[in-house]
Amino acid sequence: MEEVIADKSVEWQQILEQAFSVLHQAKEAEGDQALQQVSLLGCIGLKTGRLSEAQACFEELLAVGSSKGSAFCYLVCVKNMLVMAARTRNGELFMEWLLASEIRLQQALSQVEQSKAVDFVIALTFIVCDRRYLACLPVLRNLAGRLINAITDKKLVQVLFNEWTSLIAQMARRKWDEVNKFLLGVLLKALLKKKDLQLMKLTLLQLNMHLQMYSRWDGFEKAFVSYKELQYFYLLLLKRAGKLRFDEGLRQQYLVIVLRSIREWIANVARVGMQDDLDIIRQWQELLKKHLTAGVQSWVDLLVQLEIAYWNLTKPKTSRKQLEYLADLLEPNVVTEEYNTLLKRVV
């Protein structure tokens, strides 16, 4: 038996050496096939428990020059080995490989069609989040951030953000706070960097739809906690609306995006829960106080009072009979003259 195993090891070594040699000598047109062969051998190695052989294949992929094969083929080959590592429950190996390949992946992603780069990043992000490989999150943040900054096609950015919000919804249902916080952080930071207000509105609409559905399944408080980073985002936009160094039109847009977005999901959550808007507004205020840090509580008070005022001004029929039951949330009045003037201009 030992002789058979030894013979197989020698055979494997010979196969690997031959595949590596072909890859080194491959001309440009032959590079893709050579890369695929090395990746395939690495996947077989993982599946059959030959981790040292799989490691050798991955190291070969890392070492090979970028002139050997196309960037797209390179991404596919690396992804195939990472997927196989995850499927065979070699989590430590997956994390080690992804960390080691970050620079090469960045290079390859910048050389392929952006739609293919988006597909790659979404697929990789799902694997990392699905397996909760938390050590890989910084690599994903770098890869996704660079890609988002590079994309100029607005439709493609929207496709990426739609996929990303769907992934957030999946992870939120699993109650994986670290993963959810990471995904929301990447998305919301990207929204700010893109400076595309229409894109921001559409993405917030998607997030609000998911928050509404979560509230229907597990209750408003659990939905709030899972999407807590979204509340910090609203506060950030509110602060920007108050900065005089920004153009007034932009400040008005920031304020409208915040107040309208909150008003809509409050109404929707109230509807699916068969409650009045005032009940959700009060729950929302209590959750803001309970779950957000002490350092932002003064802004929480301002946001709540502005939201109540906006709700009253834009939905008078709904709010007329309910407003008196929220009077305690309006005292003391913290809305400055600047914000009050801005509010009147956006209603």
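Pairs, please: C-beta under 9 Å, at least 6 apart or cross-chain, first residue assigned to a loop (DSSP other than H, G, I, E, B) and in the stretch 219-236, second open to solvent by 20 Å² or more (accessible area, probe 1.4 Å)? Going by the 9 Å Cβ cut-off, the qualifying pairs are G219/G273; Y227/H210.
Let's see how each residue does on (1) open to solvent by 70 Å² or more (accessible area, probe 1.4 Å); (2) at pLDDT 95 or above; (3) out of contact with any helix residue (DSSP H, G or I) (no Cβ under 8 Å at 6 or more places or on another chain):
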{"site": "D7", "(1), (2), (3)": "yes, no, yes"}
{"site": "Q36", "(1), (2), (3)": "yes, no, no"}
{"site": "L62", "(1), (2), (3)": "no, no, no"}
{"site": "G65", "(1), (2), (3)": "no, no, yes"}
{"site": "A71", "(1), (2), (3)": "no, no, no"}
{"site": "R89", "(1), (2), (3)": "yes, no, yes"}
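Every residue, every condition in (1) charged (D, E, K, R); (2) at pLDDT below 95, yes or no:
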position	(1), (2)
Q114	no, no
L124	no, no
V128	no, no
N149	no, yes
K155	yes, yes
R173	yes, yes
N180	no, yes
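Taking every residue in the stretch 238-260 that is closer than 11 Å to L342 by Cβ and pairing it with any residue that is outside any helix (DSSP H, G or I) and β-branched (V, I, T), at least 6 positions away or on another chain, the pairs with Cβ-Cβ distances below 8 Å are G242/T336. When V179 is tested against (1) more than 24 Å from A270 (Cα to Cα); (2) open to solvent by 10 Å² or more (accessible area, probe 1.4 Å), only condition (2) is not met. Just one of (1) under 14 Å from E307 (Cα atoms); (2) under 20 Å from the mean Cα position of the chain (by Cα); (3) touching a residue at least 24 places away in the same chain (Cβ under 8 Å) fails for I280. It is (2). The residues of the stretch 73-87 that are in contact with a Ser or Thr (Cβ under 7 Å, 6 or more places away or on another chain) and open to solvent by less than 50 Å² (accessible area, probe 1.4 Å), listed by number, are C77, V78, M81. Please determine whether any residue of the stretch 271-279 is at pLDDT below 90, more than 17 Å from T341 (Cα to Cα) and aliphatic (A, V, I, L, M). There is at least one residue in the stretch 271-279 that is at pLDDT below 90, more than 17 Å from T341 (Cα to Cα) and aliphatic (A, V, I, L, M). Scan A144, A150 and give me the residue that is among the small types (G, A, S) and open to solvent by 50 Å² or more (accessible area, probe 1.4 Å). A150 is the lone residue from the list that is among the small types (G, A, S) and open to solvent by 50 Å² or more (accessible area, probe 1.4 Å). Tell me, please, whether a residue that is assigned to a helix (DSSP H, G or I), of a type in the set (A, V, I, L, M) and surrounded by fewer than 19 Cβ atoms within 10 Å (Cβ to Cβ) can be found in the stretch 238-247. No, the stretch 238-247 contains no residue that is assigned to a helix (DSSP H, G or I), of a type in the set (A, V, I, L, M) and surrounded by fewer than 19 Cβ atoms within 10 Å (Cβ to Cβ). Against the numbered list (1) closer than 20 Å to W265 by Cα; (2) touching a residue at least 60 places away in the same chain (Cβ under 8 Å); (3) acidic (D, E), E338 comes up short only at (1). If I filter the stretch 109-120 for residues that are in contact (Cβ under 8 Å) with a residue 24 or more places away in the chain, of a type in the set (G, A, S), surrounded by fewer than 19 Cβ atoms within 10 Å (Cβ to Cβ) and closer than 20 Å to L207 by Cα, do I get at least one hit? Among the residues of the stretch 109-120, not one is in contact (Cβ under 8 Å) with a residue 24 or more places away in the chain, of a type in the set (G, A, S), surrounded by fewer than 19 Cβ atoms within 10 Å (Cβ to Cβ) and closer than 20 Å to L207 by Cα, which makes the answer no. The C-beta contact set for the stretch 16-35 (first residue under 11 Å from S70 (Cα atoms), second residue surrounded by fewer than 14 Cβ atoms within 10 Å (Cβ to Cβ), distance under 7 angstrom, 6+ apart or interchain) comprises E28/S67.
Here G31 does not fit the description of being in contact with a helix residue (DSSP H, G or I) (Cβ under 6 Å, 6 or more places away or on another chain) and either at pLDDT 90 or above or part of a helix (DSSP H, G or I) (or both).
The values are calculated or read from the model by the stated rules, or taken from the named source; none is laboratory data. Small disclaimer: the values here were computed from a predicted structure and weren't measured. Here the Cβ is made from the backbone with ideal geometry for all residues, glycine too, and neighbour counts use every protein chain on show. Keep in mind that these areas ignore ligands, DNA and RNA; they rest on the heavy atoms of the full protein, side chains included. Shrake-Rupley method; radii C 1.70, N 1.55, O 1.52, S 1.80 Å.
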